[in-house]
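**Q** Next up is a structure, given as structure tokens.
What follows draws every value from the coordinates through simple rules; no lab data is involved. Just so you know, these numbers come straight off a predicted model, no measurement behind them. A quick note on method: Cβ atoms are made from the backbone with ideal geometry, for glycine too, and the neighbour counts reach across all protein chains shown.
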Amino acid sequence: MSLLEIIILIPLLAAALIGAGLPAKLISRGAALLNLVVLLVVLSQHAAGVNLAHSVRILDNPSISFAVGADGLSLTLALLTCLVLLAAVWQIIDKPAIYHVASLLIAGGALGAFLSTDLFFIYGFHELALIPTLLMIAVHGHGDATNRRAIAWKITVYLGAGSLVLLAGLAALVLNFSGSNGLTFDLNALMETAKTAPLAADTQAWLFFVLLVGFGTLVSLFPFHSWAAPAYAAAPTPVAMLHSGVLKKFGLYGLIKIALPLLPLGAKAEWVQQALLIMLVGNIIVIGLVTIHQNRLDTMLGNSSVMHMGYIFLGIAAGSPVALNGAVLLMFAHGISIALAFALCGKMRNQLGTLEFSKLGGLAANAPFLTVMFAFATFSSIGLPGLANFAGEVMVFVGAFNLNLNAGLKPIHWATILALWGVVISAVYMLRAYRSLFFGKAAEGHFISDPVGSQRLPLLLLTAVLLVVGCRPTLITDLLTFAAK
Amino acid sequence: MNQQSAVTLILLLPLFAAFSILVLKRFVGDFVCKTISVASAFICFVTSCILLGAEPVTGTILTFIDVPGLSADIGFILDQQSAGMMFIVTFIGLLVHVYSLGYMSEDESQSRFFGSLSMFMFSMTGIVLADNLLMMFVFWELVGLSSYLLIGHWFEKPSAAEAAKKAFLTNRIGDFGFMIGILTLFAASNGEISFAALKESLSAGSTSGPLHDAPAWVMTLAALGLFMGAVGKSAQVPLHVWLPDAMEGPTPVSALIHAATMVAAGVYMLVRVSFILVESELAMQIIAGIGGFTALFAALMAVQQNDIKRILAYSTLSQLGYMVMAVGLGAGEAGMFHLYTHAFFKALLFLGAGAVIYACHHEQDIWKMGGLRKQTPATFLTFAIGTLALMGLPGMSGFFSKEEILGAAHHECSWLFWSSAFTALLTSFYMTRCVVVAFFGKARTEHASHAHEAPMIMVAPLLLLSIFAIFSGYGFFSGRLQAMVPHADHGEGHTFVMAVSIAAVVIGAGLGFFLYNGKDKDPLNIKLFANKFYIDEIYAFIVKVFQDGLAWLVTGLESIFVDGLVARLPAAIACRVGKTARAMQSGQLQGYTFALGLGLLLAIYLVSQVLPRH
């Protein structure tokens, strides 16, 4: 049994133990901590060059295996998952055990999806993680029952439809790249075939587009995004942290890990490029403006999370090593910073009863700790150097703008310029929110106090990660191996 | 101690101070935090004095980004320009730290204030030392953060909270351009970001470097992009609106950040990259034009301000305009020279204004002062010295540096020369107005009549800065800070330039004195100037229409089209299909029988069509 399998199994096992009646808080925190430790061991082994891949054959034809393997990309996202899981379960107080179970299942599913190397399991684990997400929104979400059920339906239909498109695309990959020895779901085998017998450029373009729509819907790519903001606003805090921070990255992971290597020409096809550029500018500019218009913290954060996906898509569109490194770094950074923001948002909702900007103000006077933590989340998400997002954004911009500029400004250059303007837009809404929540005169009737004791730890953990990765982005990028072509 | 470790110390010590204050301030008293901050400023000052005049050297402190296609270091370049600037930053920084010990002694959040000051020292040091564009951008942003924190120090005050936000966002617009400039240069030079490498690829010896081959529009885009960054940070028109509002911050902050050092970073950066700017004639013209226009425009606004800090703020805008113009005219050394002298006398003026405000119990309106000359003689003396230096009285530091800039303008472009000369006249006019109204005549309010001199810890920095305000223009002084020693090398034009500039000072000061001496209210009443040409109102309108209005519109369209077409339409179709299907399952036997019959008929018909006929 490989350590990677253990990492996937720990949260699932812990969820089962809690379901069997063991103390939820203790088990979930213990499991999350243990998982992080095991992952650090895995990282050190990976650095030492140990091959951790392991495979258990399940079906012969079509060939399906429970296969795990690790490259820098999967490990980066696994690290993200473990960190966010730890923070998410740590900040649960006075909630039923189902909160812990759901968090562990989501994280276990995400880890399974990131660490598997068999398409069947990559897809299956992601679906496994989605189900508790949807149920938690429907049953324990915020807002009145009709509303949250409507939202749960909306996200179910959207993500279900997206998954269906994705399934079709993945099936096409399996059919096309299985080679002569019968159908296989093994990603490595598919890649071998893609190298030796690539598809025609036209077919690649169509297939890539199908995968883009399928994966894109899961990442709230414009215009398939409108499930995201209401879902995050309604989701219970740990679910919002884990979905926006971790699970949503699955679509991006799939594009980089599966679609780009299998269909290299598809990503470069001009019409696919232009469609992607239009969609990602939609994410950045259209949703950026929509975010400015929000008057509540939770929907604003939800929309901002949709908007920031645009930058990562820009990295994928550019496709150069710099840009892809930046995109992955940004996936990690966004995951941590949005999880921190939603954790804070949850704390504020519990104590204040409202998240409307016009009803709040001056929180800094009574809650200096939350003020500082929120500042870290704010400034990281608007790309301040020294915090994690900055280096990722810069690398994406450099990678995208560097493409043959002397020959004139191409669509990707214009998209980069618009994306740069997006950085101004996100500063506008984040600083407006920060100012109206924390600065100015304290609003009457809404009191807040700082978390005490160990309740500070999850916030401090995420902040520390933002700072460390922000100052040393090479810690993440050294794991990655996007080579120059 | 070798240079590498000295530079690392200067860079990292303030960061360490800021971080330890952030962590410790819950556990220890204000005294410890203040000590940490002031001690770090002192050590940095001493170290930068040692480095002054050292041999030029470059080095790497830390690898920041290292991926295939992009590697960026946190490094340093220690040459005459950065060593001189470092001296200014640490010297004025130290004085402001000391002064703040007195000025902020009643404040409830002193630890936070000193922590933010240390954070600023760290970021500013980074800009000064930066050896590549990305590192400069990193610290450029961090300086923006420190400025945000310090302007918003009194965050309960809505005006301060708004001003902090405005400053950060306006700078972000400038940084949008800065980033485009960096990306353009990176692309055009095949992946270079360090100043040395860029210079190399443009140097006269190599005629086929990547930058030589770049089309002209690329160089113009790069130059204008970099300039846009400076427009934001150095508050040039049209992004000047944040600086006057930034006066909501504590006065020592205004002196250090919003007069002497941070706002000058734009000019510093332009001089660093001037070898790129000169590649584009168009960019140089735009830079000179914007600088000259800002100098004049801001001086006009300063003429009708009543808040002592705002007068100085507009004056800062105007002087920064001079420096930017000098860069655009190809006289970057003159710009740097003015930057140095201005740093001393403007910091002096701001700290003097702080002493006045302190003396008058937080009154900032000069018309509510008056007669302070007698109550606060030391403040008056030093403020007067600062004023004379700013006006450019012959013999004072400002005279020499302004002279250099006017000379360059005279050499290059006659209309810029005349507008600069007129700006000089306006400068003497509004500064004389300020001094006459605040310090001469009779006290106009209770507070002014009971004004008292500030404590020694605040007055001492004033006295020290006065010495520099007087003497920093002379060669024995400025020569240590930079390669260029003031020289009279503009040929026969030089006497003419000097005559014009002296005439401007005398006329401006004379007009100011006669118009305002003994007056209790402003004899001039120019609404347009007092209301700052209504720029703030225009911008508020633009933001309302083009940002908030557009956001409203887009949100509406998004919910109609995206939510409507992508989600509701398929949902509606599904619903309709479902309803129809449900209607079929009515539970009525007749209906089922009828449908069964209909289906049977249809089936028979279809089968009869498909089956081969006999």
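**Q** Can you tell me the 0 to 90 degree angle between the C-alpha axis of helix A:270-281 and the longest principal axis of chain A, rounded to 10?
**A** It is inclined by approximately 10 degrees.
**Q** If you don't mind, there's one more thing I want to ask. Whole Å is fine, so just give me how far the alpha carbon centre of segment B:180-245 lies from that of segment B:441-466.
**A** After rounding, the separation between the Cα centres reads 45 Å.
**Q** Rounded to the nearest 500, what is chain A's calculated 222 nm mean residue ellipticity when only DSSP H runs of at least 4 contribute -39500 (n - 2.57) each, over all residues?
**A** After summing the helix terms and dividing by residue count, I get -23000 deg cm²/dmol.
**Q** Same structure, new question: From the helices alone, meaning DSSP H stretches of at least four residues, give me the mean residue ellipticity at 222 nm for chain B, per-run term -39500 (n - 2.57), in deg cm²/dmol to the nearest 500.
**A** -23000 deg cm²/dmol
**Q** Suppose R0 equals 35 Å; then what is the FRET efficiency for A:GLU127 and A:ALA365 from their Cβ-Cβ distance, rounded to the nearest 0.05?
**A** 0.15
**Q** How big is the gap, in Å, between the Cα center of segment A:281-335 and the Cα center of segment B:63-108?
**A** 32 Å
**Q** If I take R0 = 30 Å and measure r between the Cβ atoms of B:PHE561 and A:LEU175 in this structure, what FRET efficiency does the formula 1/(1 + (r/R0)^6) give, to the nearest 0.05?
**A** 0.25
**Q** What angle do you read, to the nearest 10 degrees and between 0 and 90, between the alpha-carbon axis of helix A:368-381 and the longest principal axis of chain A?
**A** 30 degrees
**Q** Could you tell me the ratio Rg/Rh of segment A:133-290? Both radii from Cα atoms, Rh via Kirkwood.
**A** The Rg/Rh ratio comes out at 1.04.
**Q** Tilt of helix A:201-218 relative to the longest C-alpha principal axis of chain A, in degrees (0 to 90, nearest 10)?
**A** Helix A:201-218 and the main axis of chain A meet at about 20 degrees.
**Q** So which of A:LYS441/B:LYS165; B:LYS166/B:LYS368; A:LYS441/B:LYS532; A:LYS195/A:LYS248; B:LYS309/B:LYS527 end up more than 25 Å apart by C-alpha?
**A** The pairs that break the limit, which is 25 Å between Cα atoms, are B:LYS166/B:LYS368; A:LYS441/B:LYS532; A:LYS195/A:LYS248.
**Q** Okay, moving on. Grab the other residues whose beta carbon is less than 11 angstrom from that of A:ALA367, score K and R as +1, D and E as -1, and report the net.
**A** Once all neighbours under 11 Å are counted, the net charge is 0.
**Q** Moving on to the next point. Quick check: the distance between the Cα centres of segment A:116-172 and segment A:437-460, to the nearest angstrom?
**A** If you average the Cα positions of each part, the centres end up 33 Å apart.
**Q** Taking K and R as +1 and D and E as -1, what net charge do the other residues with C-beta under 12 Å from the C-beta of A:PHE121 add up to?
**A** That works out to -4.
**Q** Mind listing the long-range amide H neighbours of A:ALA67? Cut-off is under 5 Å, sequence gap 5 or more, other chains count too, H placed in the peptide plane at 1.01 Å from N.
**A** Sorted by chain and number, the residues that satisfy this are A:VAL56, A:THR117, A:ASP118.
**Q** Under the Karplus relation 6.51 cos²θ - 1.76 cosθ + 1.60, θ = phi - 60°, what is the ordered set of whole-Hz ³J(HN,Hα) values for segment A:390-397, x standing for Gly and Pro?
**A** Result, ordered by residue: 4, 4, x, 4, 4, 5, 4, 4 Hz.
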